[in-house]
Amino acid sequence: MSYFIPHLTNGWQVDQAILSEEERVVMIRFGHDWDQQCMIMDETLYRIADKVKNFAVVYLVDITEVPDFNTMYELYDPCTLMFFYRNKHIMIDLGTGNNNKVNWPIEDEQELIDLAEVVYRGAHKGKGLVVSPKDYSTKYKY
């Protein structure tokens with residue numbers, strides 16, 4: 001569990017984090033603080049947080065502590081990363097079929113920075129769906 005990234009401990013804090021940020025992308029990692037995949041993602045988020053602070057802000061939400069969004073955002077995976085910009089959920093075409101969220105840990109810092117930057121650039125232009133710089137479909141893993 002990352003102690004250096006702000007934790008949102010109730011639904012009101014999550015709403016305020018999404019609503020109050022006008023100029024930056026809000027990256028929220030939903031999951032369990034004790035989960036191995038979340039720990040990997042938290043570590044990567046912590047390493048990039050300072051590098052993306054001009055255009056993105058990172059928060060963590062434990063879905064056991066804050067179950068308010070579990071059904072709304074379909075948070076059934078151990079680790080989920082979602083992006084918001086000006087109170088709007090930004091979808092990403094990752095090539096996986098699920099455009100709502102990233103539901104696996106990303107270990108590469110540059111990969112996550114690129115993803116956050118693509119989301120920021122697309123959302124800043126008013127797009128609700130952006131295309132990921134990397135294709136995560138399984139057809140390339142064989």
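No value in this document is a laboratory result; all are computed from the given coordinates. Small disclaimer: the values here were computed from a predicted structure and weren't measured. So basically every Cβ, Gly included, is an ideal-geometry build from the backbone, and we count neighbours across all protein chains shown.
Taking square-rooted eigenvalues a ≥ b ≥ c of the alpha carbon gyration tensor, is the stretch 7-140 rounded, prolate or oblate, where a/c under 1.5 means rounded and, failing that, a/b exceeding b/c means prolate?
Rounded is the answer for the stretch 7-140, as its axis ratio a/c remains below 1.5.
Gain in length, VAL131 to THR9, computed as 0.36 nm per residue apart minus the alpha-carbon separation, to one decimal in nm?
40.8 nm
Report the one residue of ALA17, THR44, ASN54 whose Cα lies farthest in the direction of the positive end of the charge dipole of the chain (charges on C-beta: Lys and Arg +1, Asp and Glu -1; origin at the Cα centre).
The Cα lying farthest towards the positive end belongs to ASN54.
LYS134: which lysines have alpha carbons under 18 Å from its alpha carbon, excluding same-chain residues fewer than 8 sequence positions away?
Within the straight-line cut-off, LYS134 pairs with LYS101.
Any idea what the dipole of the chain comes to, in debye rounded to 20, about its Cα centre with Lys/Arg Cβ at +1 and Asp/Glu Cβ at -1?
600 debye
Please work out the FRET efficiency for the pair MET72 and THR96, using the Cβ-Cβ distance as r and a Förster radius of 25 Å; give the result to the nearest 0.05.
About 0.75, to the nearest 0.05.
What percent do you get for the relative contact order of the chain when only Cα pairs under 8 Å and 6+ apart count?
With pairs under 8 Å counted, the relative contact order is 28 percent.
Only counting other Cβ atoms within 10 Å, I'd like ARG86, ARG24, ARG121 sorted with the fewest neighbours first.
Fewest-to-most Cβ neighbours within 10 Å comes out as ARG121, ARG86, ARG24.
At a 10 Å Cβ-Cβ cut-off, how would you order LYS101, LYS53, fewest neighbours first?
LYS53, LYS101
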